[in-house]
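Below: one structure, written as structure tokens.
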Amino acid sequence: MSAILQPRPTVGAPVLWRFPHVDESRLDNGLRLLAVHLPGKHVATAAVLLDVPVDADPAGQEGLAVIAARCLDEGTTSLTATEFADALERQGASFHASAGYDGITATLDVPVSRLGTALPLLADAVLNPVFPQEEVDRVIAQRLVEIVQEQSNPPSRAGVELPRLLHVAGTRHTIHAAGTPESLAALTSVSAAYLARIAPSTTTVIVTGDLSGVDVPGLVHQSFGDWQGTADPWVPTSPQYDTRRRALVVDRPGSAQTQLVLGHSAPDRSAPDWSAMGLAAYALGGTLTSRIDAVLREEKGYTYGMRGSFAPQRRGGAFTIHGSVDTDSTAPALQDLMTVLTTASTEGLREDEHVAAREYLVGVSPMRWETPGAVASQLGAVVGNDLPLTWIDGYLEGLRTATLDEVNAAMRTHVRPADLLVVAVGEAAAITSALHDQGWADLDVIPA
Amino acid sequence: MSLQLALTDTRLANGLRVVVHSDHTSPVVAVNVWYGVGSRHEQLHRTGFAHLFEHLMFQGSRQVKGTDHFSILQGVGATLNGTTSFDRTNYFETVPSHAVEVALWLEADRMGSLLEAVNQESLDNQRDVVKNERRQRYDNVPYGTAWERIFAGVFPDGHPYQHMPIGSMEHLDAASLDDVHAFFTSWYAPDNAVLSLVGDITPDDGLALAERYFGGIAAKGGFEAARDGVIGPIDAPLRVEVRGENVPSEALYIVFRVPADGTADCDAVELALMVLTEGASSRLVTRLVREDKTAQFVSGGVQRLIGGTGLGLLTLRTMPGAELADLEAVIAAELARFAAEGPTELELERVRAQSERAFLDSISTVEGLADQLGRNATLFDDPGRVSTALASLLAVDAEAVREAAARLLTPQNQFVLTYHLPEAAA
């Protein structure tokens, strides 16, 4: 009983999709407002971007901005932490705050119908936090436990170790954004440091969702309009890279797999060939039909999946490849990986690979930015990394128009197999020689 | 709140159920196929098979070579994946609307002709991939096998939910091409599937395209029911202590057998557990994380299952120096207090608002809504339930929440799993 199946249909032309229109305005106090109306999206996102980046942490007190972000909902001048949580949660809202090189982002997700009630709570958290010492101490204690968890989880551990290899010893970029036990023990006056850095003129509020009938500027004015004060914009720190070809093995005896992270320095989103870089990275390691997984997963079965991508920071960044392979396959997987990368570099990508990358990255745009949270997050990445709002359209235009030659040039410039550093978390006795054999002679082994 | 979704719900002559919801906001269509087969349908000596099979569904069919399923869809800008769970397996893609026919063609081709392409090589390769998936997600991470231990412990031998969808390494190793053929023949057919289409497509077009691409696949009928999973609460508390695994902190999981998804009891238990653990102002977070500072986090919820039972769960990890037994005693006291007093109106208002937002979030993408339609059609024979399930949850009153907690979140009805630090570090 054989099914009667239709032949493959032909596909029409795609509709040109554009990033949704952004309404930009400023309050009298200088606060920047970006509003995006997304029809039918009934849970809104409101995000406040504050110029409190982790590299502004005082030396020796790394982790301050992250702890400050985590303590924003631990009590304000008018509400205790429990009162704040209760008020927010009764609106069906959720609150989250984090910090990175692009500053602190405090985000609220709330049904649009309750935006007017919830927005003052968001403003209260970022403008009037009191950072009670008891709560700060508790959040620091939780961060210390988080460090222990990071150490014991292979992907987290590799992610923590790679920046220490990539950057010059002692520089900010080698220290975890959320601090170390030593730097957290040295934290003083989180409150003063935070309040000294925030000001309306360096702050952006982003509101996305179905905003029909919502007076967003009016609501934001009610919550943030009375805020006064000044602060100098932060001058971001550029990373200093240590380019020696090194490897680190984190010895975790009995591991079922080796967690691998390879990386080297790369530019940030302001690079003129950023779109071409994205196309190249997709063709190499974007999906399971990309060059790396076509061999390591679909031909050899060494891994559940290995991805390669550019990881930009506010200044600089890295090209990284990460994934895990079963312990016995570590040596052949590394060898195949390096062969894939050097072959791509020598021979270049083919036109069909370029087209596949372009059609995916361009075509997926409406899915990628379908939700209010995703749109707000993209705008936050633009603002937090000092890019103009026109950057998004330029990026998409670049994806559409980059030529194969440009993609190959970007790949050869920004993916350099011989420069890759590697962190391997796994059974050292079983995998160290594999790293030697692939040319990583400068190799340290540390206990997990 | 009331949510009115315009749905068309139709069956093709071969039994394929087609559910369409039009939303022309964005030029995309979510295509979602739910098959009524999950790990609960597996034979006891072939665990992990439904999931291994899901991988093979991406390895080609009559007109689709190798991994072309991925490259064809991604080549038009689609996102795609598949997942296997206890009760079902689903395959989904969100495609730009001009390419929806390609998605339907691909789904139909593998529904109708997968076995023409499966071979020993693809089976061996995907077996290795799945074994690495298992290592990555279960065996190589701290607490990675907690869920496996829970399902193995909370259900008796032979129960359809006693094993996880990922299955065991031995069973994966033993899977043969004959097993693949038998599995496909038993479960993969239009009359055991639901096709949901959400987005920039009209009901008429959706139905016509479904007929065109799936209409030539024959119905099978005679699908075997899963083994009976109906089971009540636990008679006497069960406990498993894990020592000697290299975990960074002590951990506690308390698991309750509760009624199946779709019952008022299941909703009531979920609300009770939310009052206890959801958000910074919940009872256990306030007590253990904020006041006592003995827990890193506390969380809880319901694992909704369809086959005669579900699970309620409370879990936490300790802060250094805290005694697990002390935390367990606090939870026992809070459960007893909740059973006696129930939630306050304010607490209930809070968790209802949180449930409403979570639900709106879950259907805020075309993919999310298509998934909900497939779920409700497959498990409840009612795609329209997506509009009413939330209302049912929100209608559970304080006394019903208290009563369900008093009856189900009891000291007897508990499977407790604890992780302890290695001796040297204790």
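The values are calculated or read from the model by the stated rules, or taken from the named source; none is laboratory data. All values derive from a computational prediction rather than experimental measurement. Cβ sites come from the backbone with ideal geometry, for glycine too, and all protein chains shown count toward neighbours. Areas reflect the complete protein model, heavy atoms only, side chains present, ligands, DNA and RNA absent. Shrake-Rupley method; radii C 1.70, N 1.55, O 1.52, S 1.80 Å.
Brief remarks on what is shown
- Scope segment A:302-325; condition surrounded by fewer than 23 Cβ atoms within 10 Å (Cβ to Cβ), in contact (Cβ under 8 Å) with a residue 40 or more places away in the chain and within 14 Å of chain B (Cβ to nearest Cβ); matching residues: A:H322
- Across segment B:132-167, the number of residues qualifying as more than 14 Å from chain A (Cβ to nearest Cβ) and not in a helix (DSSP H, G or I) comes to 12.
Residues checked against (1) open to solvent by 40 Å² or more (accessible area, probe 1.4 Å); (2) of a type in the set (G, A, S); (3) touching a helix residue (DSSP H, G or I) at 6+ places or on another chain (Cβ under 9 Å):
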| position | (1), (2), (3) |
| --- | --- |
| A:K300 | yes, no, yes |
| A:L334 | no, no, yes |
| A:M338 | no, no, yes |
| A:T342 | yes, no, yes |
| A:S345 | no, yes, yes |
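- Candidate set: segment B:115-131, residues that are more than 7 Å from chain A (Cβ to nearest Cβ), out of contact with any helix residue (DSSP H, G or I) (no Cβ under 7 Å at 6 or more places or on another chain) and not acidic (D, E); chosen: the one surrounded by the most Cβ atoms within 10 Å (Cβ to Cβ): B:A117
- Filter result for B:E211 (within 14 Å of another protein chain (Cβ to nearest Cβ) and within 25 Å of B:P142 (Cα to Cα)): no
- Answer residue from segment B:61-106, given it is more than 11 Å from chain A (Cβ to nearest Cβ) and crowded, with 19+ Cβ neighbours inside 10 Å and is farthest from A:E298 (Cα to Cα) among those: B:D87
- Qualifying residue in segment B:222-236 (condition: assigned to a loop (DSSP other than H, G, I, E, B), within 30 Å of B:D124 (Cβ to Cβ) and over 26 Å from the mean Cα position of the chain (by Cα)): no
- The set of residues in segment A:285-298 that are facing chain B (nearest Cβ under 8 Å) and either farther than 20 Å from A:L334 by Cβ or open to solvent by 20 Å² or more (accessible area, probe 1.4 Å) (or both) comprises A:T287, A:T289, A:A294, A:R297, A:E298.
- Taken together, the criteria exclude A:G286 from residues that are on the phi > 0 side of the Ramachandran plot and out of contact with any His (no Cβ under 9 Å at 6 or more places or on another chain).
- Note on segment A:407-428: among residues that are under 24 Å from A:A158 (Cβ atoms) and of a type in the set (V, I, T), the one that is surrounded by the most Cβ atoms within 10 Å (Cβ to Cβ) is A:V425.
- Segment A:165-181: number of residues that are in contact (Cβ under 8 Å) with a residue 60 or more places away in the chain and either assigned by TED's automatic domain parsing to the domain that holds A:G380 or in a helix (DSSP H, G or I) (or both): 4
- For A:V52, the conditions (1) in a loop (DSSP other than H, G, I, E, B); (2) open to solvent by 20 Å² or more (accessible area, probe 1.4 Å); (3) more than 14 Å from chain B (Cβ to nearest Cβ); (4) under 17 Å from A:V190 (Cα atoms) are fulfilled apart from (2).
- Checking each residue in segment B:237-255 for being within 14 Å of chain A (Cβ to nearest Cβ) and part of a strand (DSSP E or B) picks out only B:A251.
- As for segment A:98-107, it holds no residue that is open to solvent by less than 20 Å² (accessible area, probe 1.4 Å), assigned to a helix (DSSP H, G or I) and either over 30 Å from A:Q240 (Cβ atoms) or more than 9 Å from every other protein chain (Cβ to nearest Cβ) (or both).
- Among (1) open to solvent by 10 Å² or more (accessible area, probe 1.4 Å); (2) modelled with pLDDT of 95 or more; (3) over 29 Å from B:D23 (Cβ atoms); (4) in a loop (DSSP other than H, G, I, E, B), the one test that A:S25 misses: (4)
- Test: B:D205 is surrounded by 15 or more Cβ atoms within 10 Å (Cβ to Cβ), outside any loop (DSSP other than H, G, I, E, B) and free of Cβ contacts under 8 Å to residues at least 40 places away in the same chain: yes
- Qualifying residue in segment A:191-210 (condition: open to solvent by 40 Å² or more (accessible area, probe 1.4 Å), small (G, A, S), modelled with pLDDT of 95 or more and in a loop (DSSP other than H, G, I, E, B)): no
Residues are listed down the side, and each one gets a yes or a no for (1) open to solvent by 30 Å² or more (accessible area, probe 1.4 Å); (2) within 16 Å of B:T277 (Cβ to Cβ):
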site	(1), (2)
B:L311	no, yes
B:E345	yes, no
B:A370	no, no
B:N376	no, no
B:F380	yes, no
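- Among all positions in segment B:291-302, there is at least one residue which is farther than 17 Å from B:V258 by Cβ, open to solvent by 40 Å² or more (accessible area, probe 1.4 Å) and in a loop (DSSP other than H, G, I, E, B).
- Residue match in segment B:270-282 (condition: of a type in the set (D, E, K, R) and surrounded by fewer than 22 Cβ atoms within 10 Å (Cβ to Cβ)): no
- A residue that is out of contact with any His (no Cβ under 9 Å at 6 or more places or on another chain) and small (G, A, S) cannot be found anywhere in segment A:242-251.
- Residue count for segment A:369-385, restricted to those that are open to solvent by 30 Å² or more (accessible area, probe 1.4 Å) and either closer than 16 Å to A:E397 by Cα or away from chain B (no Cβ under 13 Å) (or both): 1
- Any hit, segment B:145-153, residues being crowded, with 23+ Cβ neighbours inside 10 Å and not β-branched (V, I, T): no
- Any hit, segment A:2-18, residues being away from chain B (no Cβ under 14 Å), out of contact with any helix residue (DSSP H, G or I) (no Cβ under 7 Å at 6 or more places or on another chain) and surrounded by fewer than 16 Cβ atoms within 10 Å (Cβ to Cβ): no
- Selection status of B:G112, at pLDDT 95 or above, surrounded by fewer than 22 Cβ atoms within 10 Å (Cβ to Cβ) and outside any loop (DSSP other than H, G, I, E, B): no
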